[in-house]
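Just below is one structure, and these are the notes that go with it.
Every number here is computed from the coordinates shown, using simple stated rules; none is lab data. As the structure is a computational prediction, the values presented were derived from the model and not from experiment. Counting neighbours? That spans all protein chains shown, and the Cβs are built from the backbone with ideal geometry, glycine included.
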Amino acid sequence: MKKLNILALLIFVAGLVAVFTFDTATTRQIQSRVMSLLSPFIHSSAAMEQAAESAVAPQINPVEMKRENDEQRVQLERLRIIQQKYNQIIEENAKLRQLIEFKQSAPFKMTAAKVIRRSSSTWWNSLIIDKGSLDGIGTDSPVITSVGLVGKTSTLAPHMAKVILLTDEMCRVSAKIEGTLEQGILGGERAALEVRPELHLRFLHRNSNINAGAGVYSSGEGGVFPADLLLGRVKRFENREISGEAVIEPAVDFSTLDYVFVIEMQVAEPTPEPAATPARAKP
């Protein structure tokens, strides 16, 4: 009996295969009827499969997703700020190391100072540092960086000082050009705020042979600035009616000043007069 059932099942399956294999009008009718009979079972199976997938897949909550995205953005912003502060600390430490090395190797006695105030209206003319008269700073003291001359002090307060920049037209320095015998007076110019001022070395000999790129240094004459401080480099030479004039590119970048040094100039003490020899009494 069981063999007959198995044989009947095999014949039925073979018939179904034949019906869905051959494409004739008769087989198409049979296929349509079979699909109609199996349709409820197919839909039921698909519904059960979809329900199973929904049960396994996590439910997405738009509100929860937005909250998680906002938290991630906040965390990324915090990491960005931390990275920025870290980079600033690294840069600050590098600057401080350079300042210490420069101060130790410089031939002058100097006081380190920090730029604490600059006004947009006088950006190329002056600035304020955090050292003053009680810190040993005097008037007309040279102010430098490791690159070159910045300017000189003017008005003093106990713990602040105003610095007149080299780019100000009122700052004058006796200067010389390397590789030549030329000397003149270097000063700034009045310029618009958005334009970086140039320096002008005046009272040079006309038709002088001065090459672009030549270094310009303080000559030491006048007693305010020590000799051989780098002021800048020659951009071009121009002949005027009476004398020659060189346009100078400043050595210091005056737009990014953070720390400076104030040179303590040694004031020569007056030589004491010899004591008068007392006159001998006549016998």
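Could you run through the range 185-217 and say how many residues are in contact (Cβ under 8 Å) with a residue 40 or more places away in the chain and either within 21 Å of residue 147 (Cα to Cα) or in a loop (DSSP other than H, G, I, E, B) (or both)?
12
Determine, yes or no, whether residue 176 is touching a residue at least 40 places away in the same chain (Cβ under 8 Å), of a type outside the set (A, V, I, L, M), surrounded by 14 or more Cβ atoms within 10 Å (Cβ to Cβ) and assigned to a strand (DSSP E or B).
In short, yes.
I'd like the full set of residues that are part of a strand (DSSP E or B), in contact (Cβ under 8 Å) with a residue 40 or more places away in the chain and under 30 Å from the mean Cα position of the chain (by Cα), limited to the range 140-173.
142, 143, 144, 149, 150, 152, 153, 160, 161, 163, 165
Within the set of pairs 6 or more residues apart or between chains, which connect a residue that is within 21 Å of residue 147 (Cα to Cα) inside the range 240-252 to a residue that is among the hydroxyl-bearing types (Ser, Thr, Tyr) and surrounded by 18 or more Cβ atoms within 10 Å (Cβ to Cβ) with Cβ atoms less than 7 Å apart?
250/167; 252/145
Can you pull out every residue in the range 149-161 that is buried (at least 20 other Cβ atoms within 10 Å of the Cβ) and farther than 18 Å from residue 189 by Cα? Explain how you work it out, then say what you get.
Step one: of the range 149-161, the residues buried (at least 20 other Cβ atoms within 10 Å of the Cβ) are 149-153, 161.
Once the filter is applied, which keeps residues that are buried (at least 20 other Cβ atoms within 10 Å of the Cβ) and farther than 18 Å from residue 189 by Cα, the range 149-161 yields 153, 161.
Just one of the numbered conditions (1) surrounded by 13 or more Cβ atoms within 10 Å (Cβ to Cβ); (2) over 19 Å from residue 174 (Cβ atoms); (3) among the charged types (D, E, K, R) is not true of residue 202; which one?
(2)
Can you name the number of the only condition in (1) surrounded by fewer than 16 Cβ atoms within 10 Å (Cβ to Cβ); (2) charged (D, E, K, R); (3) out of contact with any His (no Cβ under 7 Å at 6 or more places or on another chain) that residue 130 fails?
Exception for residue 130: condition (3).
Of 112, 106, which residue is surrounded by 12 or more Cβ atoms within 10 Å (Cβ to Cβ) and more than 26 Å from residue 170 (Cβ to Cβ)?
One residue alone meets the criteria, 106.
Before we move on, is residue 137 over 17 Å from residue 199 (Cβ atoms), touching a strand residue (DSSP E or B) at 6+ places or on another chain (Cβ under 7 Å), in contact (Cβ under 8 Å) with a residue 40 or more places away in the chain and buried (at least 21 other Cβ atoms within 10 Å of the Cβ)?
Details: over 17 Å from residue 199 (Cβ atoms): yes; touching a strand residue (DSSP E or B) at 6+ places or on another chain (Cβ under 7 Å): yes; in contact (Cβ under 8 Å) with a residue 40 or more places away in the chain: yes; buried (at least 21 other Cβ atoms within 10 Å of the Cβ): yes.
Yes: the conditions hold for residue 137.
Right, residue 245: of a type in the set (Asp, Glu), within 13 Å of residue 185 (Cα to Cα) and surrounded by 15 or more Cβ atoms within 10 Å (Cβ to Cβ) or not?
yes
Considering only the range 100-118, state which residues are more than 20 Å from the chain's Cα centre (by Cα) and not in a strand (DSSP E or B). Don't jump to the end; show me each part of the working.
At the first step, the residues of the range 100-118 found to be more than 20 Å from the chain's Cα centre (by Cα) are 100-113.
Once the filter is applied, which keeps residues that are more than 20 Å from the chain's Cα centre (by Cα) and not in a strand (DSSP E or B), the range 100-118 yields 100, 101, 102, 103, 104, 105, 106, 107, 108, 109.
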